[in-house]
Amino acid sequence: MQRTNEEVLAAYDRHADMVYRIAYAFLKNKADAEDAVQNTFMRLLAKRGTPFESAEHEKAFLIVTVSNLCRNEWRRYRGRLTSLQDWELPVQASAPSDVLQAVLSLPERYKLAVYLYYYEGYRTDEIAQMLHKPASTIRNHLSEARQLLKARLGEDFFTD
């Protein structure tokens, strides 16, 4: 069973901003991120099978799909990415740019876990399930990412 256009449009309204932020975090470029969003929702439209168990299941499908599409794109075109200084950051004006730049410059294996944990509010076990990795790996990635961020931003930036 294929999803109807109305179902996909409703999912787009609910999740397009989140999918775009994930795509941009990977690809660091507005046009490529927009293409990834479009391709993600095209995959949702073409997805056959039973309906999602819940809204969270639908959201997880979109997160995993956009992540996989971006990883594939990033591997193909990693040489043409712009420098950090040229990025057009799609975030709220209230977010400190040095923190955001530090997060966006994290290695790929940390970036998505940090985003899902701190920006989307998922628990480590939920992230592990979405990314098909052990929960201990996700906790390690978050810990290592925090150490990298402390090194880049300074110890006094973080409060315990």
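The values are calculated or read from the model by the stated rules, or taken from the named source; none is laboratory data. Keep in mind that what you see is a predicted model, and the values were worked out from it rather than measured. Accessible surface areas use protein heavy atoms only, side chains included; no ligands, DNA or RNA. Shrake-Rupley method; radii C 1.70, N 1.55, O 1.52, S 1.80 Å.
Some values worked out for this structure:
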quantity: Cut-off under 5 Å, modelled amide H: who pairs with R3 long-range; calculated: K47
quantity: Area of D98 that stays accessible when all protein chains are in place (1.4 Å probe, Å², to 10); calculated: 80
